[in-house]
1. Measure off 7 Å from each Cα along the Cα-to-Cβ vector at B:Ser62 and A:Thr62, then give the distance between these two points in nanometres to one decimal.
2. Viscosity 0.890 mPa s, temperature 25 °C: give me the Stokes-Einstein translational D for segment A:45-112 in µm²/s, with Rh taken as the Kirkwood radius over C-alpha pairs.
3. Just the number please: accessible area per residue for segment B:167-225, 1.4 Å probe, all protein chains included, in Å².
4. Along the charge dipole of the protein assembly as shown, pointing to its positive end and built from +1/-1 on Cβ of Lys, Arg, Asp and Glu, which listed residue (A:Gly100, B:Ala86, B:Met266) has its Cα farthest out?
5. For A:59-67, what's the mean count of beta carbons from other chains sitting within 10 Å of each residue's beta carbon?
6. Going by average Cβ density within 10 Å per residue, which order do the peptides A:126-138, B:30-42 take, highest to lowest?
7. With θ taken as phi - 60° and the coefficients 6.51, -1.76 and 1.60, list the Karplus ³J(HN,Hα) couplings across segment B:36-42 in order, rounded to whole Hz; mark glycine and proline as x.
8. Nearest 0.05, what FRET efficiency do A:Arg102 and A:Val125 give at R0 = 22 Å with Cβ-Cβ as r?
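The values are calculated or read from the model by the stated rules, or taken from the named source; none is laboratory data. Everything numeric here is computed off the predicted structure, so don't read it as measured data. Glycine also receives a Cβ, built like all others from the backbone with ideal geometry; neighbour counts cover every protein chain displayed. For the accessible areas, the whole protein counts, side chains as well, though only heavy atoms, and no ligand, DNA or RNA atoms are used. Shrake-Rupley method; radii C 1.70, N 1.55, O 1.52, S 1.80 Å.
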Amino acid sequence: MRYGHGPEVLRDLSFDLPRGSFQFLTGPSGAGKTSLLRLIYLAAKPSSGRISYFGRDAAELTRKEMPLLRRRIGVVFQEFRLLNHLSVFDNVALPLRIAGRRRQDYAEDVAELLAWVGLGEKMDVVPATLSGGEQQRVAIARAVVGQPEILIADEPTGNVDPEMGMRLLRLFAELNKLGTTIIIATHDLSLVRMLDAPVMSLSNGHLHIRAPRSQRQAQANAAPEEAAAETAAMETPDE
Amino acid sequence: MSNRVPPPPAGGAGALLPPDSGRDRPLFVVAAILVFLACIAALGARGAWLQAQNWTSDLESSITIQIRPVELRDAQLDAEEAARIALTVPGILSATAHDRAHAEALLAPWLGSGNLPDDLPLPLMVEVQLDPQLPPPGDALQAALDAAGLSASVDDNSRWAGAVRRAARTAQTLGLAMMFLLAGAAAAVVAFAARASLAARINVIDALHICGAEDRFVAGLFERRFFMLGLKAGIAGAACAGLVAVLASLGQGPADMAFFLPHWAMDPFELALLLLAPVLAGATAAISARLAVASDLRGRW
């Protein structure tokens, strides 16, 4: 993938996201994490290559089909992208409203979700009055409220304290147990270590996929030298 | 868990777009001026058409018999004879023979009063009022006058009525052309403004798209926003046009109404025009905004 006539930001990528899987995406700044996420949540088209969603080739999707596909994907942006003229409640309810659901049908669900992320008392304020961490929680609530089949989160714990970070990770894990495919892009290796999940590591536009810790340990027991080398690579801190 | 769900935002679905915060105000003014000019053009065309109707009606409801002076004959007696003959022809309601003083009065604007020698022969006029329910009797009247041996000619004003009708049609066409041109200008201005509005709110549009909004959903938001703007601008423009038309018509009767000035007679056409103008302005703005935004979105994603 490249932007305009610029250099390739991503190349030779080939991976599969199994339904119901949990993946971390790591890599230094500029490695192409955001570009890869943009490809996954249909905000950009690959300059070459093929992306398939739920068995459908993205290139074959019509303009009318794309919004329906996007509704199956929840996204948490690093910069939140909240609508500052709407209340916290209406920001979170946005995907449901766009999907055509009636306010009285989703009001309780949205209120419950906001209470769960600790914003039950701030439903009717506008995001601009919230702290960065609170805005991040609103963005997460908006991404998960429609119970998407895929949840993509770009640095979802970057602006929250460790305790809230743990809580949000538990939320993602719960959603994953319910069948949602999760991709979390993060610099935070402590977050990565909390879950036994595969790690997609981007470097210079190339992707390297590391197996979950449990799988690596199983391999270590079988071939100790190779596993040690991989673990050492895993422990190398990202930027 | 708190059950204190906030009330829905005012403005319905349109509230998903941020408030205009004054950005749309210049557009409101431009749209109001365009609607004002379009209404003035339409009312002017209507005024021209009504005036032409009055004139052609006057011309077609009467004809004139001209009695040419003939040596050794009394023109006044011939004029009275022509009036009597005219009354026998079907389709004529009245006939009035005018005397030499009337003919001199007609010439006074060009020749002045009292400058004509008494022995200068002048044609006399017989004014004939026609029954509008019957066909014009010009040819039958001419034949009757010829049969009576009078040196008279009938002028049925058709030449003038045709010219007036052509002038009215031209005025109407011009008025309607101006109205359509102004509507086109309004549509173009709104399309431009809608694209600018979309560009200014691209972050919001981006968020809506990522949440699964269809192009038509986003275009619908702009459509509603610009419909309301066009409607309000239309109300302002039409109200001003109505006021100007009333002021222009004050002191003018239908007969002395100036050609192509906006006319106000409180008739259904004028009321309908001023009531419809805001709705049409709103619809034009809405359609224009929807098409512009939909086209822009197709180019972006």
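1. Calculated label separation equals 7.1 nm.
2. Numbers: Rh = 14.4 Å.
Estimated via Stokes-Einstein, D reaches 171 µm²/s.
3. On the way: 2580 Å² over 59 residues.
Counting only protein heavy atoms, the per-residue value for segment B:167-225 is 44 Å².
4. A:Gly100
5. Mean number of neighbouring Cβ atoms from other chains: 3.
6. Values: A:126-138: 18.2, B:30-42: 23.7.
Per-residue Cβ counts within 10 Å, averaged per peptide and sorted highest first, yield B:30-42, A:126-138.
7. These are the phi-based 3J(HN,Hα) values: 4, 5, 5, 5, 4, 4, 5 Hz.
8. Values: r = 24 Å, r/R0 = 1.07.
About 0.40, to the nearest 0.05.
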